[in-house]
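Asks: Here's a structure for you.
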Amino acid sequence: MEQDVFMEYMVKKDATITDQIKKCGILLGALLIIAVCVIFLGSQYLNMLAAALGVCAGWVAIILLKLLRVEYEYIITDGELDIDKIQGKSKRTRLVTLEISSFTSFEKLNPQNPVDAGGRIKILAAKNLKSEETYLAMLNHKELGDCILYFTPNEQMVEYIERARKTKRVYVPSMGK
């Protein structure tokens, strides 16, 4: 009989070109608002409003830039894989919960030869889609249907997933008094 299993691993998502463009847009927008506010600081009637608006623009920019820092946490518990998305080290969202035994395919992603998703729902939870460490799993989720998962597990998780895929879990109720 297999023992209870609990593993967790966290991976930081690499910034993409799109992420860099978003960061630049946020910074430019905040700087533009702050520059306009500095101009109105000399006004007799709008100086307090301009100061408050400038401070708020800077504060909102900092929060948005923090939210662009994304990490994924993979948690394996007794044959289930939970994937959480963590933004800015403060906002946690559960992306999906998967039964490892439902994986129809589990392999290392070949960046030079990408797999066609073929109408499947893509679940992106990988460090980088061009990384040699990225794996893909095809599965049939009970609610989402056919899915393809891109993620970056560590070696211990890879070994467990390969073992768990081969053995189907069967629930046997315990015999009470």
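The values are calculated or read from the model by the stated rules, or taken from the named source; none is laboratory data. Note that the structure is predicted; figures quoted are calculated from it, not measured. Every residue, glycine among them, receives a Cβ derived from its backbone with ideal geometry; neighbour counts consider all protein chains shown. With ligands, DNA and RNA removed, areas are computed over all heavy atoms of the protein, side chains included. Shrake-Rupley method; radii C 1.70, N 1.55, O 1.52, S 1.80 Å.
Asks: What is segment 1-139 by shape, rounded, prolate or oblate, if you read a ≥ b ≥ c off the alpha carbon gyration tensor as root eigenvalues and call it rounded for a/c under 1.5, prolate for a/b larger than b/c, and oblate otherwise?
Replies: Note, shape of segment 1-139 comes out prolate.
Asks: What accessible area per residue, rounded to a whole number of Å², is obtained for the chain using a probe radius of 1.4 Å?
Replies: Per-residue accessible area for the chain comes out at 67 Å².
Asks: Hey, can you rank 158-165, 110-117 by average C-beta count inside 10 Å, highest first?
Replies: Ranked by mean Cβ neighbours within 10 Å, highest first: 158-165, 110-117.
Asks: Considering only DSSP beta bridges with both partners in segment 111-158, what is the antiparallel share in %, to the nearest 5?
Replies: So the antiparallel bridges in segment 111-158 amount to around 60 percent.
Asks: Report, in degrees rounded to the nearest 10, the 0 to 90 angle that the Cα long axis of helix 155-166 makes with the longest principal axis of the chain.
Replies: 50 degrees
Asks: When a/c reaches 1.5 or more, the comparison of a/b and b/c decides; with that in mind, is segment 1-83 rounded, prolate or oblate per its Cα gyration tensor?
Replies: Since a/c reaches 1.5 and a/b is larger than b/c, the shape of segment 1-83 is classed as prolate.
Asks: Solvent-accessible area of residue 66, probe 1.4 Å, all protein chains present, reported in Å² to the nearest ten, please.
Replies: Counting only protein heavy atoms, residue 66 exposes about 100 Å² to solvent.
Asks: Moving to a separate point now. Quick check on the chain: of the DSSP beta bridges with both residues there, what percent are antiparallel, nearest 5%?
Replies: 90 percent
Asks: Take each of the peptides 42-49, 9-16, average the number of other beta-carbon atoms within 10 Å over its residues, and list them starting from the highest.
Replies: My ranking of the peptides, most packed first, is 9-16, 42-49.
Asks: Run the accessible area of the chain with a 1.4 Å probe and give the carbon-and-sulfur part as a rounded percent.
Replies: That share works out to 59 percent.
Asks: Largest first and in whole Å, give the semi-axes of segment 68-177's equivalent ellipsoid, each being the square root of 5 times a Cα gyration tensor eigenvalue.
Replies: Semi-axes from the Cα gyration tensor: 25, 18, 14 Å.
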